[in-house]
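Before any comments, here is the structure.
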Amino acid sequence: FQWRGPNLFQTTQSNFTINSLSPKNEGYYYVKATTATGCTNTDSVYVSVSPIPLANAGTSQTICAGNSVVLRGSGGEKYKWEPSANLSSDTIPQPTATPTDSTLYYLTVSNGSCSRMDSVMMNVLHLPKANAGKSFTIFEGDQVQLNGSAAGDDIQYFWTPNYNISNPNILDPFVYPTFDTTYVLHVISQQGCGESDSKTFIRVYNKISVPNAFSPNGDGINDFWEIKDLYTYPTADVSVFDRNGQMIFHSIGYGKPWDGTINEKPVPIGTYYYIINLKNGTPLRSGSVLVIR
């Protein structure tokens, strides 16, 4: 066998491989075959060399969740993007993508004969989300721990107002307001993806102080069972019982403090028992009070 072809190619092999093809190798290859008795014949084959596409999927980008981005593919005649979900088209060089999560896109570029692949990463930042947690009811002078939570990528968070709070820059600070206060948890994206707010309400009730004794003897000193700040609870239910469980005093609200009588007659000296229901969702208050004369 005698082969000859483009770029001064020659060989005597019947079968052969041309490595690292380039445009110089394109053209007709002719072979002349000769038998042992001297008989000959010729034939030819045409080798077409197509250039490899310069596939380019573009550069990585970062977007906020819910936004769109244009993919910048180039380098060929035909295009195929994968995955195709959330793309305006998967067969054009520059489709619009609206990914819900960070996605690595693969681009296959073809020129009809050859193809090449490239990839590009689209990073999706999840939006900030704030949850201030449940509301609380406390008495003045008490404290409660907030239980906020935050979500999102590259975020910072803080509470407002910066009032009677142990640390406004953590999710679970202790607060001890002396009056009704709404605390707001702010969660902010550091990448310009917005802000989320959430509120929790702290209801602060006046703390009542229940005396454990009084002396209704008409001397003008401690003649009444004075319960400080109970007047601020107009629906409070106050009941007093003797040691046998008989109710000897009952009041809705406490506009008129107990004077140590039952049916306008003085009760005997001794220990009596009370139950106070503030009717605001807080636990019942109970205890004993000593009547002395």
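Can you tell me how segment 61-125 classifies by the Cα gyration tensor, rounded, prolate or oblate, using a/c under 1.5 as the rounded cut? Prolate, because a/c is 1.5 or more and a/b exceeds b/c.
Using C-alpha pairs under 8 Å with a sequence gap of at least 6, the mean separation divided by the residue count of segment 213-291 gives a relative contact order of 30 percent.
Rounded to the nearest 0.05, the FRET efficiency derived from the C-beta distance between Asn131 and Gln61 at R0 = 30 Å is 0.50. The residues packed around Cys193, meaning those with a beta-carbon under 10 Å from its beta-carbon, carry a net charge of -3 if Lys and Arg are +1 and Asp and Glu are -1.
Across segment 21-143, C-alpha contacts under 8 Å between residues 6 or more apart give a mean separation that, scaled by the residue count, equals a relative contact order of 24 percent.
Taking every lysine pair in the chain that is 8 or more places apart or spans two chains, those with Cα atoms closer than 13 Å amount to 4. Largest first, the extents of the alpha carbon coordinates of the chain on the three principal axes equal 149, 35, 28 Å. Using the Cα centre of the chain as origin and beta-carbon charges of +1 (Lys, Arg) and -1 (Asp, Glu), tell me which of Pro216, Thr108, Val45 is placed farthest towards the positive end of the dipole. Result: Val45. Given in Å, the Rg to one decimal and the Dmax to the nearest whole number for the Cα atoms of segment 2-47 are 11.7, 38. Counting charges near Ile138 (Lys, Arg +1; Asp, Glu -1) among other residues having Cβ under 11 Å from its Cβ returns a value of -1.
The distance between label points at Ile252 and Val47 comes to 10.6 nm (points 7 Å beyond Cα on the Cα→Cβ vector).
A simple spin-label model places pseudo-atoms 7 Å from Cα toward Cβ; at Asn162 and Thr91 they are separated by 6.0 nm. Only Cα pairs under 8 Å and 6+ residues apart enter the sum, and on that basis the relative contact order of the chain stands at 10 percent. Relative to one another, the C-alpha centroids of segment 99-174 and segment 1-41 are positioned 67 Å apart.
Please compute the net charge surrounding Phe214, taking Lys and Arg as +1 and Asp and Glu as -1 over other residues with Cβ under 11 Å from its Cβ. Its environment carries a net charge of -2. Spatial offset of segment 49-95 relative to segment 199-251 amounts to 76 Å, using the alpha carbon center of each.
Laboratory data are not the source of any read-out in this text; all were calculated from the coordinates shown. Given the structure is predicted, the values throughout are model-derived calculations rather than measurements. Counting neighbours? That spans all protein chains shown, and the Cβs are built from the backbone with ideal geometry, glycine included.
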